[in-house]
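Undergrad: I have a structure here, written as structure tokens, and I will follow up with some questions on it.
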Amino acid sequence: MGMMRQYELVDRVRSYNPNTDEDLLNRAYVYAMRAHGTQKRASGDPFFAHPLEVAAILTDLKLDDATIVAAVLHDTVEDTAATLEEIESMFGPDIRRLVDGLTKIKKLDLVSKKAAQGENFRKLLLAIAEDVRVLLVKLADRLHNMRTLHFVPPEKRLRVAEETAEIYAPLAGRMGMQELREELEELAFRHIKPEAHSTITKRLEEVTEREGSVISAIEIDLKEKLAARGIQAEVAGRRKRPYSIWRKMERKSVSFEQLSDIFGFRVIVDQLEDCYRVLGIVHTTWPMVPGRYKDYISTPKQNDYRSIHTTVVGPGHSRVELQIRTDKMDRIAEYGIAAHAHYKDGRTTELSGAADESRAYQWLRRTVDLLAEGDNPEEFLEHTKLELFHDQVFCFTPKGRLIALPRGATPIDFAYAVHTDVGNTAVGAKINGRIAPLLTELQNGDEVEITRADGQVPPAAWESLVVTGKARAAIRRATRAAVRKQYAGLGRQILERAFMRAERVFTDEKLKAALKRLARTAVDDVFAAVGRGEMFSGDVVKAVYPDLEPEKRSTPEARGESNGKGWFELRKGDNLKFKLPGETPGANAIPIRGLGGDLPVRFAPNGGAVPGDRIVGILTPGEGVTIYPIQSPSLAAFDNEPDRWLDVRWDLDDKTPQRFPARIALNSINEPGSLAQITTTIAEHDGNIDAVTMVRPTPDFTDVTIDLTVWDLKHLSAIISELREKRVISRVERVVG
Ligand code: MN
């Protein structure tokens with residue numbers, strides 16, 4: 001890359017500012033070139049190339065002469081023999097002030113000790129507040145340093161990249177400079193997460209190769225449709241950047257393949273009304289994806305961003321994200337605060353005048369006011385950081401450790417962010433000293449204390465309730481391990497009984513000797529396979545004792561007698577255990593059926609067992625154990641599969657009474673208020689109705705099915721006999737699935 005020549009710099013400025021002071025630009029060029037002399041950058045390039053590149057970045061933002069000159073001179077006072085006095089005498093007080101501001105913040109080391117960090121950040125904001133052009137030069141300086149970061153020694157790289165991601169990129173975003181923010185984030189991402197960056201980049205290229213033609217098809221189609229309605233619009237398709245894709249993957253905990261909107265379109269129109277006309281055309285051409293429409297025109301973002309966002313299902317079922325806005329909105333979206341600064345050529349830029357419209361300026365002013373009030377730079381830094389990252393929440397451990405989380409995070413996310421073990425054993429939380437549900441949405445500045453209990457397994461349902469990828473993955477791992485352990489325990493019990501039935505000795509050693517025959521590598525694998533129903537106990541017995549006669553098929557009743565033990569008893573601490581709401585703190589909101597997904601024990605659907613019922617468990621491969629009341633008609637289907645039968649019985653804890661789902665069917669006379677009578681009767685007797693279904697309505701009668709939850713069989717029977725007393729009910733009975 002050749003160094004920019006003197007005339008090139010002048011040409012760049014003149015292209016957007018015909019009244020530029022060429023002489024001033026030329027003097028600055030020569031002054032800085034002489035000052036930097038033979039200094040070299042880490043890349044081996046002459047140092048002077050750097051301030052020139054910084055100035056070039058600012059010409060893209062169409063900034064005034066003073067800003068461009070300040071960019072050319074920004075490193076002279078700190079790094080060369082040049083002085084502020086000399087600069088003032090040659091370039092005037094305005095430029096001196098800018099260079100002074102830049103020199104003051106030059107040595108900012110924001111990722112340093114907390115106190116120093118606070119003080120430095122304060123200096124930075126004060127300098128910006130004095131003249132916002134200082135920030136523009138500073139951001140351009142950082143951008144060029146990030147673009148050339150690969151020349152810097154590796155140990156220094158990460159620190160600079162982190163500082164960029166933590167301070168400069170959000171600051172650019174807060175000032176509404178999206179393009180700059182995105183490039184800074186992208187460059188930082190490359191150095192902070194190199195593997196993630198290269199994987200995503202590679203995948204993106206593959207997708208572009210595969211689907212690139214769809215994109216241009218949409219672009220052409222959209223342009224034609226708009227033109228047909230007489231709307232002048234610029235349509236540009238663009239691919240999302242790796243960083244924004246990575247963030248989405250993290251936030252939603254999805255894989256690259258699950259991401260649907262990798263491509264986006266920007267539609268730029270002249271007039272505000274046209275934005276809504278375009279929206280209408282888009283929504284009548286392709287189906288819109290619900291929940292994705294956002295109108296930032298009527299409600300601008302805090303950084304002045306205005307645009308309409310929507311997502312539609314385009315050709316080939318691909319999701320397409322669209323941003324619709326006017327020219328002017330687009331300029332503000334890209335340049336942010338710089339869009340306000342550039343036409344103030346020749347005047348001192350103060351936070352006044354046209355800037356009053358800008359919400360970004362308002363934020364800056366508010367922040368600076370705060371700065372004047374407070375005297376604790378550390379506190380100030382925390383406060384400003386909180387304001388800076390508005391899509392994040394910052395919380396603290398009781399010891400003051402800062403935990404940054406995405407917005408919407410809960411104490412469960414917090415616990416996992418602290419440590420996986422803390423998350424796995426979390427049973428409760430205190431927020432700012434007060435007990436709070438584990439699903440509370442955390443707010444900025446919350447101090448969170450996690451209560452833990454050993455031997456805890458996170459409920460599987462948490463997985464869908466957390467927002468951080470780390471928590472989700474850890475919960476998945478923990479529940480999988482727990483489920484496997486449960487299956488293995490179950491399998492061992494099944495095998496012990498099978499060997500007993502066959503009147504053969506069973507030991508782990510004997511099983512180990514038969515592993516090869518069973519095509520497994522560990523006894524635990526055999527246990528888990530049997531528990532899951534993937535392997536039958538009879539086959540295992542046969543593998544250990546190949547000479548054994550085949551077992552006679554027996555009925556469950558016969559087995560109950562033959563094993564001589566009657567009901568097979570499960571106690572707390574056994575491997576097969578009822579997972580009930582209430583056993584696991586935080587799970588109160590989860591209905592018992594919802595736990596069936598990952599856990600091996602569940603109740604038969606359509607009318608399950610309640611305490612007091614005699615029950616039996618049926619093992620279903622890959623699903624687990626389903627508990628049926630012994631009178632359930634569904635059990636007939638398993639008569640010839642003795643391996644799947646498990647004798648179980650209730651093991652209830654009196655201290656935490658629990659409701660159980662049951663179903664009743666009744667036939668009611670059709671008259672006003674009859675349904676109300678039924679539901680009132682149930683409610684008066686402490687039954688909780690989950691669902692009411694009315695079937696086969698005839699002129700005179702209605703069949704009603706009610707799913708309700710009760711404490712036990714006695715409670716259910718009491719409700720049924722109360723219902724029988726009602727005149728409007730002709731028949732009522734319990735249904736078991
Ligand atoms: Mn510099």
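The values are calculated or read from the model by the stated rules, or taken from the named source; none is laboratory data. Just so it is clear, the structure is predicted and the values come from calculations on it, not from any experiment. Virtual Cβ from ideal backbone geometry, glycine too; neighbours counted across all protein chains shown. For the accessible areas, the whole protein counts, side chains as well, though only heavy atoms, and no ligand, DNA or RNA atoms are used. Shrake-Rupley method; radii C 1.70, N 1.55, O 1.52, S 1.80 Å.
Undergrad: Please identify the pairs in which a residue from segment 132-159 that is over 18 Å from GLY176 (Cα atoms) has its Cβ atom under 8 Å from the Cβ atom of a residue that is open to solvent by 60 Å² or more (accessible area, probe 1.4 Å) and not in a helix (DSSP H, G or I), counting only partners at least 6 apart or on another chain.
TA: THR148/ALA42; PHE151/ALA42; VAL152/ALA42; PRO153/ALA42
Undergrad: If you don't mind, another one. Being closer than 26 Å to PHE151 by Cα and assigned to a loop (DSSP other than H, G, I, E, B) narrows it down to one residue among MET33, MET3; which is it?
TA: Working: MET33 fails: assigned to a loop (DSSP other than H, G, I, E, B).
From the options MET33, MET3, the qualifying one is MET3.
Undergrad: Still on this structure, I have one more. Does PRO459 qualify as being surrounded by 16 or more Cβ atoms within 10 Å (Cβ to Cβ) and more than 30 Å from ARG532 (Cα to Cα)? Write out each step before concluding.
TA: On the way: surrounded by 16 or more Cβ atoms within 10 Å (Cβ to Cβ): yes; more than 30 Å from ARG532 (Cα to Cα): no.
It is false that PRO459 is surrounded by 16 or more Cβ atoms within 10 Å (Cβ to Cβ) and more than 30 Å from ARG532 (Cα to Cα).
Undergrad: Still on this structure, I have one more. Is segment 105-115 home to any residue that is within 16 Å of the ligand (Cβ to nearest atom) and modelled with pLDDT of 70 or more? Quick ask: steps written out before the conclusion?
TA: Step one: list which residues in segment 105-115 are within 16 Å of the ligand (Cβ to nearest atom), which gives 105-110.
Of the ones still in play, those that are also modelled with pLDDT of 70 or more are 105.
Yes; the residues of segment 105-115 include at least one that is within 16 Å of the ligand (Cβ to nearest atom) and modelled with pLDDT of 70 or more.
Undergrad: Now for a different question. State all residues of segment 54-79 that are within 14 Å of the ligand (Cβ to nearest atom) and open to solvent by 20 Å² or more (accessible area, probe 1.4 Å); if no residue qualifies, say none.
TA: Narrowing segment 54-79 to residues within 14 Å of the ligand (Cβ to nearest atom): 54-58, 70-79.
Scanning segment 54-79 gives VAL77, GLU78, ASP79.
Undergrad: Are any of the residues in segment 681-689 assigned to a strand (DSSP E or B), at pLDDT 75 or above, farther than 21 Å from GLY533 by Cα and open to solvent by 50 Å² or more (accessible area, probe 1.4 Å)? It would help to see each step written out before you state the result.
TA: At the first step, the residues of segment 681-689 found to be assigned to a strand (DSSP E or B) are 688-689.
From what is left, the residues that are at pLDDT 75 or above are 688-689.
The next check asks that each one be farther than 21 Å from GLY533 by Cα; those that pass are 688-689.
Adding the requirement that they be open to solvent by 50 Å² or more (accessible area, probe 1.4 Å) leaves 688-689.
Yes: segment 681-689 contains one or more residues that are assigned to a strand (DSSP E or B), at pLDDT 75 or above, farther than 21 Å from GLY533 by Cα and open to solvent by 50 Å² or more (accessible area, probe 1.4 Å).
Undergrad: Of all the residues that make up segment 679-714, how many are over 17 Å from ASN606 (Cβ atoms) and either touching a residue at least 40 places away in the same chain (Cβ under 8 Å) or in contact with a Pro (Cβ under 9 Å, 6 or more places away or on another chain) (or both)?
TA: Qualifying residue count, segment 679-714: 6.
Undergrad: In segment 132-166, which residue that is open to solvent by less than 10 Å² (accessible area, probe 1.4 Å) and away from the ligand (no atom under 16 Å from the Cβ) is modelled with the highest pLDDT?
TA: ALA161
Undergrad: To continue, here is another question. Only residues that are modelled with pLDDT under 90 and open to solvent by 80 Å² or more (accessible area, probe 1.4 Å): list them for segment 274-286, please.
TA: THR284
Undergrad: Tell me which residues, restricted to segment 524-539, are more than 13 Å from GLN493 (Cα to Cα) and among the hydrophobic types (A, V, I, L, M, F, W, C).
TA: Correct list: MET535 only.
Undergrad: If only one of THR440, THR479 is among the hydroxyl-bearing types (Ser, Thr, Tyr), out of contact with any Lys or Arg (no Cβ under 7 Å at 6 or more places or on another chain) and not in a helix (DSSP H, G or I), which one is it?
TA: Exactly one of THR440, THR479 is among the hydroxyl-bearing types (Ser, Thr, Tyr), out of contact with any Lys or Arg (no Cβ under 7 Å at 6 or more places or on another chain) and not in a helix (DSSP H, G or I), namely THR440.
Undergrad: Of (1) at pLDDT 75 or above; (2) open to solvent by 10 Å² or more (accessible area, probe 1.4 Å), ILE678 satisfies all except one. Which?
TA: With (1) at pLDDT 75 or above; (2) open to solvent by 10 Å² or more (accessible area, probe 1.4 Å) applied to ILE678, the lone miss is (2).
Undergrad: Here is a further query. What residue, of PRO51, PRO46, is at pLDDT 90 or above and either surrounded by fewer than 17 Cβ atoms within 10 Å (Cβ to Cβ) or more than 13 Å from the ligand (Cβ to nearest atom) (or both)? Reasoning before the result, please.
TA: Working: PRO51 fails: either surrounded by fewer than 17 Cβ atoms within 10 Å (Cβ to Cβ) or more than 13 Å from the ligand (Cβ to nearest atom) (or both).
Unique residue meeting the criteria: PRO46.
Undergrad: Of (1) outside any helix (DSSP H, G or I); (2) within 15 Å of MET535 (Cβ to Cβ), LEU490 satisfies all except one. Which?
TA: Going through (1) outside any helix (DSSP H, G or I); (2) within 15 Å of MET535 (Cβ to Cβ) one by one, LEU490 breaks only (1).
Undergrad: Take ALA82 and decide whether it is crowded, with 19+ Cβ neighbours inside 10 Å and in a helix (DSSP H, G or I). First the steps, then the outcome.
TA: Numbers: crowded, with 19+ Cβ neighbours inside 10 Å: yes; in a helix (DSSP H, G or I): no.
Spelling it out, it is not the case that ALA82 is crowded, with 19+ Cβ neighbours inside 10 Å and in a helix (DSSP H, G or I).
Undergrad: When residues of segment 192-205 are filtered for being over 22 Å from the mean Cα position of the chain (by Cα) and either of a type in the set (Val, Ile, Thr) or modelled with pLDDT of 90 or more (or both), how many remain?
TA: Let us first name the residues in segment 192-205 that are over 22 Å from the mean Cα position of the chain (by Cα), namely 202, 205.
Retained after the next criterion (residues that are either of a type in the set (Val, Ile, Thr) or modelled with pLDDT of 90 or more (or both)): 202.
Qualifying residue count for the region: 1.
Undergrad: Run GLU503 past the list (1) out of contact with any helix residue (DSSP H, G or I) (no Cβ under 9 Å at 6 or more places or on another chain); (2) in a helix (DSSP H, G or I) and report the number of the one that doesn't hold.
TA: Of (1) out of contact with any helix residue (DSSP H, G or I) (no Cβ under 9 Å at 6 or more places or on another chain); (2) in a helix (DSSP H, G or I), only one is false for GLU503: (2).
Undergrad: Does at least one position in segment 204-215 carry a residue that is in contact with a Phe, Trp or Tyr (Cβ under 7 Å, 6 or more places away or on another chain) and in the same structural domain as VAL320 (by TED's automatic domain parsing)?
TA: As a first pass, look at segment 204-215 and keep what is in contact with a Phe, Trp or Tyr (Cβ under 7 Å, 6 or more places away or on another chain): 215.
Okay, now just the ones that are also in the same structural domain as VAL320 (by TED's automatic domain parsing), so 215.
Taking every residue of segment 204-215 in turn, at least one turns out to be in contact with a Phe, Trp or Tyr (Cβ under 7 Å, 6 or more places away or on another chain) and in the same structural domain as VAL320 (by TED's automatic domain parsing).
Undergrad: Take the residues of segment 167-178 that are away from the ligand (no atom under 14 Å from the Cβ) and in a helix (DSSP H, G or I): which is farthest from ASN303 (Cα to Cα)?
TA: Taking segment 167-178 and keeping what is away from the ligand (no atom under 14 Å from the Cβ), we get 167, 169-178.
Filter once more, so that each one left must be in a helix (DSSP H, G or I): 167, 169-174, 178.
Working: ILE167: 16, ALA169: 13, PRO170: 11, LEU171: 10, ALA172: 10, GLY173: 7, ARG174: 6, GLN178: 10 Å.
Ranking the candidates gives ILE167 first.
Undergrad: Can you give me the number of residues within segment 5-43 that are away from the ligand (no atom under 16 Å from the Cβ), over 20 Å from ARG133 (Cβ atoms) and among the hydrophobic types (A, V, I, L, M, F, W, C)?
TA: Of the residues in segment 5-43, 1 are away from the ligand (no atom under 16 Å from the Cβ), over 20 Å from ARG133 (Cβ atoms) and among the hydrophobic types (A, V, I, L, M, F, W, C).
Undergrad: While we're on this one: Quick check, is SER213 free of Cβ contacts under 8 Å to residues at least 60 places away in the same chain, out of contact with any strand residue (DSSP E or B) (no Cβ under 8 Å at 6 or more places or on another chain) and among the hydroxyl-bearing types (Ser, Thr, Tyr)?
TA: In short, yes.
Undergrad: A further question follows. Any residue in segment 306-334 that is part of a helix (DSSP H, G or I) sitting within a Cβ distance under 7 Å of a residue that is polar (S, T, N, Q)? List the pairs, counting only those 6 or more apart or interchain.
TA: MET329/SER307; ALA333/GLN178; ALA333/SER307; GLU334/GLN178
Undergrad: Got a sec? Which of ALA188, ALA217, ALA227, ALA236 is open to solvent by less than 70 Å² (accessible area, probe 1.4 Å) and within 25 Å of ARG142 (Cβ to Cβ)?
TA: From the options ALA188, ALA217, ALA227, ALA236, the qualifying one is ALA188.
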